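Below: the structure, in structure tokens.
The values are calculated or read from the model by the stated rules, or taken from the named source; none is laboratory data. None of these values were measured; they are calculated from a predicted model. Positions of Cβ are backbone-derived with ideal geometry, glycine not excepted, and every protein chain shown enters the neighbour counts. For accessibility, only protein heavy atoms count, side chains too; no ligands or nucleic acids. Shrake-Rupley method; radii C 1.70, N 1.55, O 1.52, S 1.80 Å.
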Amino acid sequence: MVGALGWAGCGGDDGATRDVDDPVVPVTPVEDPRLPGTGADAGTGGTDAGTGGTDAGTGTDAGTGTDAGTGGTDAGTGGTDAGTGTDAGTVDPGEATYPMPSAPGWTFYGREQGGPRHVYGVTADEGGNIWVAGGEEGLFLLKKGEDRFKKFTMAEGLRPYGYMPDGSAPPGTPYLKVISVAGAWDGTVFVGYEGKPSGPGTAPCEGEYDVAENDRRPADASIYKSGDADRVSLRADGSLDVVHYDISSGPGVVPGYDRREKICNIWRIAYDKDPDPKKSSVWFGANHGFARGDAHYAGNPTCNGRLTCSGVEEHSHPAYSAFIYTNAARDKEAYGTDYAKYQVRDALLTDAYWGLAPLPNHDVWIGGANRSTKYYYGSNGNNFWAAQSLTEDAVNKWNRRDLWQDAVGEKEWPYARPEERTEDLVSGMAIVPAGDLANIKVWVSSFANGLVQLDAEGNVLRSLKNDLVAPHTASVAVDPLDNSAWAGAAWGGGISRVGGGVTKYSYSLFGTPLSNMRIPDIQVDRSGARRRMLVAFQGTAPKTGPVVPGAIGIYDGD
């Protein structure tokens, strides 16, 4: 369940001071220019040793989550439909075919309706349009009242990479992989991307800029500027209006950094609407940490990561120091011939923030692979940096929530060893609404540990694992019809619907192969008179045999 370790902490591997991660907040136009205290990443040995891995906070997808064979291209999927996206739907002869289930209250969409080969996320905007994260194939749209998806790629304006200082595109071959979606107003969706995979001589997108600097080689901008997020709106003529969120900090923003390029893989997105558009937010749960964006950001290609024009505040995380097992091959040079005896080293643990749940007052519950936090953004007058202090400062370790308790918690030296920890591996978060903030509850799903329900202060009220359809959960949503929690299995199972008891939607309803697929995302469409539950069935790519495409399930029953 444990993925690859991060390449570098926010402060690098040089034992920098605690304040190296604090952005230089400009006096204007920010109303409260206070620095966020001592909330920083460095000073703990440097390595950002999250447990997330590359695909789901749980390491690789064991053959079920790759986009094998798609190559990021659009060929072979039909013609272009005059600026309205590709009218996809031509089934690849190398793909397995199967009949969609037939069940009361359910409607299913797959390849025959133009859906993607792999389904990473599904959402609805306020107009009832369905948007789907289709991995390397791109972004898919099922317009309200239609029965076929349209596909959008970089050819239609998607921008899975940031800007160079002059506003140009990064040199090198771009990479497209849409992995998360969150619906906004009618015709608009926020789209999250995965960063470009590293190759020989390069580091992953989180560390490429810093590692290249340490190695005294040119950094590959097609890697360190890859990923991030877009706001995508559908124009009347069917074309796209795209605004990119370059989640980075430019020169002079963060002391000790020429440029900070840490956030790239956007695992989850949450749109937090306010009656005043200026106060509406979009939250990005990512590798290494999380960030906030202005939901109505106009875009600025030549901003170069300045806080006054980037539309982004980045980043924060409930990180803590612990021991990790070393990668002997990586540490051999550092430790010489005696490297084998160095089985553990100290590191800052932070990774894979898949849990995002905004509250009515604009605070946000945020969950990661190692720790979670209640981010007091709204409680501090919508001040990201004040909220950062309440998550990251040493005196606020109470707000680095350990939801599945470790045998040894956060402490000073000597730190907890790997065998003394139970990584939380949060995969999702969802709010159970109530008449007042004090009675709101939160469901939290885990790739390894099932489900817990928290009260408004973060105390565990209920815990479920072996009584679910499967103990490993990849997603969770709250059904507004009855406040039940829908939890999707990470593999092999289906859906557990938790109310007073547990209702299991599994093989008898979905059959094979859907009941064997990961359910990476469940969201709610509230646009109509009756809610619809939107379910992503990811699809599988076995090492041998044909790819089994995923599907989208829509439920409007009781």
Problem set entry | Criterion violated by G539 - all others in (1) surrounded by 18 or more Cβ atoms within 10 Å (Cβ to Cβ); (2) out of contact with any strand residue (DSSP E or B) (no Cβ under 7 Å at 6 or more places or on another chain); (3) at positive phi satisfied | (2)
Problem set entry | Boolean, P197 is surrounded by fewer than 20 Cβ atoms within 10 Å (Cβ to Cβ), closer than 25 Å to A474 by Cα, within 17 Å of the chain's Cα centre (by Cα) and not acidic (D, E) | yes
Problem set entry | Filter result for the condition that a residue is under 24 Å from the mean Cα position of the chain (by Cα), farther than 18 Å from F108 by Cβ, at pLDDT 95 or above and not small (G, A, S), over R497, R518, R532, R526 | R526
Exercise. If you take the residues in the range 238-261 that are over 16 Å from A286 (Cα atoms) and hydroxyl-bearing (S, T, Y), which one is surrounded by the most Cβ atoms within 10 Å (Cβ to Cβ)?
Worked result: Y257
Seminar exercise, completed: Per the filter on the range 207-237, residues open to solvent by less than 10 Å² (accessible area, probe 1.4 Å) and more than 23 Å from the chain's Cα centre (by Cα) are A212
Exercise. Which ones in the range 542-558 are part of a loop (DSSP other than H, G, I, E, B), more than 10 Å from T107 (Cα to Cα) and open to solvent by 20 Å² or more (accessible area, probe 1.4 Å)?
Worked result: P542, K543, T544, G545, P546, D558
For this session: Restrict the check to the range 149-158 and report whether at least one residue is closer than 23 Å to I522 by Cβ and assigned to a loop (DSSP other than H, G, I, E, B).
Result: yes
For this session: Would you check if R530 is in a loop (DSSP other than H, G, I, E, B), open to solvent by less than 30 Å² (accessible area, probe 1.4 Å) and either within 20 Å of P471 (Cα to Cα) or of a type in the set (K, R) (or both)?
Result: no
Problem set entry | Residue list for the range 486-507, filter: open to solvent by 10 Å² or more (accessible area, probe 1.4 Å) and either part of a loop (DSSP other than H, G, I, E, B) or closer than 16 Å to Y555 by Cα (or both) | W491, G492, R497, G499, G500, G501, T503, K504, Y505, S506
For this session: Tell me, please, whether a residue that is open to solvent by less than 20 Å² (accessible area, probe 1.4 Å), over 20 Å from D455 (Cα atoms) and in contact with a Cys (Cβ under 9 Å, 6 or more places away or on another chain) can be found in the range 348-361.
Result: yes
